[in-house]
Amino acid sequence: MTGRAPAMTSSGEAPTGYRQHPVSFVRRSGRMSEAQQRAWNEVSPRMLIPVERDAASTSIRADSTIDPAAVWGRTAPLIVEIGSGQGHAIVHAATGQPGAHFLAVEVFRAGLARTMLDADRANLDNLRLVEGNAPEVLEHLLPSASVDELWIFFPDPWHKKKHAKRRLVTAEFAALAASVLRPSGVLRLATDWQDYADQMVSVLDAAPGFTRAFDGDWAPRFDGRVLTAFERKGTRAGREIRDLTYRRSA
């Protein structure tokens, strides 16, 4: 959803194919720098996965499933980051693991452009990006049991009670995550909002197809996660960083 209401039909209903559930973002028109615009124009043809849309501008049309081996030109483990932001975490990870495939999922073009800019400077050929709503990417774009690791680091907490329904990690989302992860695949999460961390635990402990991959209340910090502005901001505000790790049951 773009943050604006869809044009209504003559009957007063949303157009066919438009989302019937709230999304976890409000899409803002962030201005891109000249370098980001150049990256978008010059790098996106080889790095941004083209997708077919439904009615919404960040939607993914049903039956648009990709073949990862064809997209990357080889077979390798696939790591997907949802809400990749400016791309700091995934560019760092892709640089350190050239033998793996990485997919950044984001709705903000300025963030995607920054990611492409940094990836191009690093001469990465194992990173691809998709501009799309994460649940639709999981449901319609990625093949079943195709993902080795799924990362969700510092999703929008929607901390006001009236907005909690917009949070990404729900039972419905857990089912989608389970569907794309391979058996024994890993779901990694991090947040600096305690009540969201509690919600994540409640959802994933109850979700069919997932088992905890940590002892105690919280997982240790994932050492593959580079320190980002989101994490620094939470730490400066005095909030505890909570990591969670779940494994896809066989």
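Each value in this text was obtained by applying a stated rule to the coordinates, not by laboratory testing. The structure presented is a predicted model; accordingly, all values stated were derived computationally and were not measured. Glycine also receives a Cβ, built like all others from the backbone with ideal geometry; neighbour counts cover every protein chain displayed.
Below are the figures for this structure:
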read-out: Ranked Ile60, Ile152, Ile90, criterion: other C-beta atoms within 10 Å, fewest first; value: Ile152, Ile60, Ile90
read-out: Antiparallel bridge percentage (DSSP; both residues within segment 34-248; nearest 5); value: 30 percent
read-out: J(HN,Hα) series, segment 134-149, from Karplus relation 6.51 cos²θ - 1.76 cosθ + 1.60, nearest Hz, glycine and proline x; value: 3, x, 6, 4, 5, 6, 10, 9, 8, x, 4, 6, 10, 10, 8, 9
read-out: Built amide H within the under 5 Å cut-off of Ala219, gap 5+; value: Asp243, Leu244, Thr245
read-out: Rounded to the nearest 20 debye, dipole of segment 34-248 from Cβ charges on Lys, Arg, Asp, Glu; value: 460 debye
read-out: Amide H contacts of Gly185 (H built 1.01 Å from N, under 5 Å, at least 5 apart or other chain); value: Arg248
read-out: Residues Gln194 and Arg221, FRET efficiency given R0 of 22 Å [Cβ-Cβ distance, rounded to 0.05]; value: 0.90
read-out: Segment Gln97-Ala206, extension gain: residue separation times 0.36 nm, minus the distance between their alpha carbons; value: 36.0 nm
read-out: Neighbour-count ranking [beta-carbon atoms within 10 angstrom, fewest first] of Glu136, Glu34, Glu172; value: Glu34, Glu172, Glu136
read-out: Order of Trp40, Trp151 under a 10 Å beta carbon neighbour criterion, fewest first; value: Trp40, Trp151
read-out: Kirkwood Rh and Cα Rg combined as Rg over Rh, evaluated for segment 90-130; value: 0.93
read-out: Computed over segment 136-250, Cα set: Rg, Dmax in Å; value: 13.9, 40
read-out: With eigenvalues of the C-alpha gyration tensor scaled by 5 and rooted, segment 34-248, Å; value: 26, 20, 18
